[in-house]
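The values are calculated or read from the model by the stated rules, or taken from the named source; none is laboratory data. Quick caveat: nothing in here was measured; it's all calculated off a predicted structure. Cβ coordinates were reconstructed from backbone atoms using ideal geometry, including for glycine residues, and neighbour counts include every protein chain displayed. Side chains are part of the model used for accessible areas, which takes the heavy atoms of the whole protein and leaves out ligands, DNA and RNA. Shrake-Rupley method; radii C 1.70, N 1.55, O 1.52, S 1.80 Å.
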There are 2 protein chains.
Amino acid sequence: MTPHKPLLDDIVAILARTPASLSALLEGLPQALVTATEGYNTWSPYDVMGHLINGERVNWLPRARHILAGETRPFDPFDRTAQFTQSQGKQLSELLKTFELLRRDNLAALAGMNLTEADFNRVGQHPELGEVTLGQLLATWAVHDLDHLGQIARTLAKAHTRAVGPWGQYLSILKDRQQESVPNQAGSSKA
Amino acid sequence: MTPHKPLLDDIVAILARTPASLSALLEGLPQALVTATEGYNTWSPYDVMGHLINGERVNWLPRARHILAGETRPFDPFDRTAQFTQSQGKQLSELLKTFELLRRDNLAALAGMNLTEADFNRVGQHPELGEVTLGQLLATWAVHDLDHLGQIARTLAKAHTRAVGPWGQYLSILKDRQQESVPNQAGSSKA
């Protein structure tokens, strides 16, 4: 019995689908779009893929295991810019494939945990946010995917801001997250 | 020679990829997510798919043909809520498949137009925006896809707003397009 099964099912349903959705969107796209950004200190689709890969490796499941192990020390902080060194020399298609494989393996590992409602309510210490639950961590994993999918859609859209001419006033995505005047954090979201 | 080829290539690259990206994201997703919205008078992923289908049928290519035919009367207005009657009784998987097929046919028709730079600069009359070019229409077609892909990512994310707990403050997508207090236009963008 896993009373939180609907939430876990929703989370897994999203986590299982984003890699293929991203591959379908990005594989073979012209390089100028793959490396486009929304402006100063923002991330390209290429950068985002490296960030998602790093999250699969060092963030989500390691933190889940940390909680399940009953660790009382905070999670290790997550390096949100690791991809700028780790992706070097890699083609986008390699990043897409790597993300798909890591996600598949991580979802298999997650299924193997046979999580119960009691597990969902187990807590860990986030280095900045304080007490968080395993259920919150898993939901964040899925929403983080969607945040970056939305970021990629926005970035590809903004590459055509001038090309759409007067239609720009109808296309709300072109006005989302408009560049702030003061450079601040890169990318879409922390974790 | 098509000097606008880079722009046309970018546009076609996006238009060719969004249907499969949407299918990968949505096919088989739990029904509660398929019908989730961002709040009053906003659209679910199911609603969006019907809207995209209607655009393939009556908006984008008909307007392109209207321009190429040298019509001086304005485009027919586009009914942005037609999907609420047209999608009735249809399963999401049928909508996804229909969108893929219509897009494939429309891109084949677009390729058959053998557009030149002169064609890109040809103008039509939008019923609200006034003079627009064929190039702007085609770029809008692609950005409109991305606007709705972003909308779907946002809607699926917001369905988990409570579930992410304290992480919500890091997940910027949860704060995008926050519901306005006065009900206004549905959905993501006009066209």
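The table for this structure:
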read-out: Filtered residue count, segment B:72-82, keeping only those that are charged (D, E, K, R), open to solvent by 50 Å² or more (accessible area, probe 1.4 Å) and modelled with pLDDT under 95; value: 2
read-out: When residues of segment B:166-175 are limited to those that are at the interface with chain A (Cβ under 7 Å from one of its Cβ atoms) and touching a Leu at 6+ places or on another chain (Cβ under 9 Å), the one most open to solvent (accessible area, probe 1.4 Å); value: B:P166
read-out: Residues (of a type outside the set (A, V, I, L, M) and closer than 18 Å to B:A109 by Cβ) located in segment B:57-70; value: B:R57, B:N59, B:W60, B:P62, B:R63, B:R65, B:H66
read-out: A:A64 being closer than 15 Å to A:W141 by Cα, small (G, A, S) and within 14 Å of chain B (Cβ to nearest Cβ); value: yes
read-out: Breaking point among (1) open to solvent by 10 Å² or more (accessible area, probe 1.4 Å); (2) at pLDDT 95 or above; (3) within 11 Å of chain B (Cβ to nearest Cβ), for A:Q185; value: (2)
read-out: Condition met for B:A111 (closer than 25 Å to A:L25 by Cα and surrounded by fewer than 18 Cβ atoms within 10 Å (Cβ to Cβ)); value: yes
read-out: Matching option when the condition is open to solvent by 30 Å² or more (accessible area, probe 1.4 Å), polar (S, T, N, Q), over 23 Å from A:L129 (Cβ atoms) and at pLDDT 95 or above, among A:S44, A:S93, A:S21; value: A:S93
read-out: Pair list, Cβ < 7 Å and 6+ apart or interchain, from segment B:136-165 residues that are more than 7 Å from every other protein chain (Cβ to nearest Cβ) to residues that are of a type in the set (S, T, N, Q) and in a helix (DSSP H, G or I); value: B:D145/B:T18
read-out: Residue in segment B:57-66 that is nearest to B:R80 (Cα to Cα), counting only those that are of a type outside the set (V, I, T) and surrounded by fewer than 20 Cβ atoms within 10 Å (Cβ to Cβ); value: B:R57
read-out: Number of the exception - A:T85 against (1) crowded, with 22+ Cβ neighbours inside 10 Å; (2) over 17 Å from the mean Cα position of the chain (by Cα); value: (1)
read-out: Residue tally, condition out of contact with any Pro (no Cβ under 6 Å at 6 or more places or on another chain) and closer than 18 Å to B:L102 by Cβ, over segment B:26-56; value: 13
read-out: B:Q169 vs. criteria more than 20 Å from the chain's Cα centre (by Cα), of a type in the set (S, T, N, Q) and assigned to a helix (DSSP H, G or I); value: yes
read-out: Count of segment B:96-135 residues which are free of Cβ contacts under 8 Å to residues at least 60 places away in the same chain, assigned to a loop (DSSP other than H, G, I, E, B) and aliphatic (A, V, I, L, M); value: 2
